[in-house]
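The values are calculated or read from the model by the stated rules, or taken from the named source; none is laboratory data. Quick caveat, the model's predicted, so the values are computed rather than measured. Side chains are part of the model used for accessible areas, which takes the heavy atoms of the whole protein and leaves out ligands, DNA and RNA. Shrake-Rupley method; radii C 1.70, N 1.55, O 1.52, S 1.80 Å.
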Amino acid sequence: MMWRKAYQWPYLRRDMRFLKIFLDDFMCDAIRYTEDTRQKTITTMDVIYALKCQGCTIIHYVDLV
């Protein structure tokens, strides 16, 4: 398992911090879109709009957005 030695703990901690921030922002955007439409359930389109707001576009749903 040579990859464990190559991937040091500070890099892993940095990546986990980045992922946590991205997911927190993404979930806040998805919840905001859900609340704006007065729904109680997060729909697929809410997730797509939240990803688009974060700068990540899903290729197959570009025509819908």
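What the table below lists for this structure:
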quantity: Accessible-area value, ARG17, 1.4 Å probe, nucleic acids and ligands omitted, Å²; calculated: 140
quantity: Using θ = phi - 60° and Karplus 6.51 cos²θ - 1.76 cosθ + 1.60, couplings along segment 10-15 (whole Hz; Gly, Pro as x); calculated: x, 5, 5, 5, 5, 5
